[in-house]
Amino acid sequence: MNGSARDDAFDGNLSTIWYTKYTGGSDPAPHEIQINMGASYSVSGLRYLPRQDGGSGAANGRIGQHEVYVSTDGTNWGTAVATGAFANDASQKDVRFTAKTGQYLRLRAVSEVAGNPWTSAAEIYALN
Ligand SMILES: [Ca+2]
């Protein structure tokens, strides 16, 4: 696998998962996923929903250390609007930050909770 379609993180379906490459080698962290919101909005948060499936691999790719960026053009990102570490569980994670206007939102997964070179997400949303 070379990782799934990024749309899997934006389809409103918790059972479809975006994930980075995990067989035949993997891509080292950090990993980044970008949301094009289609128009300019004032954004003040990002919601990350880890994969919700059960089983032995359910925690694989769960994001730990992360950074969030907002951009008007998808090219110039400036400094992170938020940085932190998500808890190692499957609950919904909301990151709140001072509102910034832009069309593009980027979640940068600096590390996985267990230090594996994978990132996964069931859904990622922009919050206003
Ligand atoms: Ca999904």
ask   = From the residues Ala9, Ser44, Gly54, which one has its Cα farthest along the dipole of the chain in the positive direction, the dipole being from +1 and -1 charges on Cβ of Lys/Arg and Asp/Glu about the Cα centre?
value = Ser44
ask   = Where does the charge balance sit around Arg51 when Lys and Arg score +1, Asp and Glu -1, over other residues with C-beta under 14 Å from its C-beta?
value = -4
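Expressed in nm², what is the orientationally averaged projection area of the convex hull enclosing the Cα positions of the stretch 6-127? Working shown, then result.
Values: hull surface 28.7 nm².
The orientation-averaged projected area of the Cα hull of the stretch 6-127 comes to 7.2 nm².
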ask   = Dipole magnitude of the stretch 6-127 about its Cα centre, charges +1 at Lys/Arg Cβ and -1 at Asp/Glu Cβ only, in debye to the nearest 20?
value = 220 debye
key: Low-density loop cleavage sites - trypsin sites (Lys or Arg not before Pro) in the stretch 1-106, where at most 16 other Cβ are within 10 Å (DSSP)   = Lys21
ask   = What's the carbon and sulfur percent of the stretch 21-128's accessible surface, probe 1.4 angstrom, rounded to a whole number?
value = 45 percent
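Would you work out the relative contact order for the stretch 40-123, in percent, from Cα pairs under 8 angstrom that are 6 or more residues apart? Spell out each step's value before the answer.
Values: 194 pairs, mean separation 39.2, N = 84.
The normalised contact order for the stretch 40-123 reaches 47 percent.
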message = What distance in nm separates the two pseudo spin-label positions at Ala87 and Thr72, each 7 Å out from Cα along the beta-carbon direction?
response = 3.8 nm
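The values are calculated or read from the model by the stated rules, or taken from the named source; none is laboratory data. All values reported here derive from a predicted model rather than from experimental measurement. Note that each Cβ is placed from the backbone with ideal geometry, even for glycine, and that neighbours are counted across all protein chains shown. Side chains included, ligands, DNA and RNA excluded: accessible areas come from the protein's heavy atoms. Shrake-Rupley method; radii C 1.70, N 1.55, O 1.52, S 1.80 Å.
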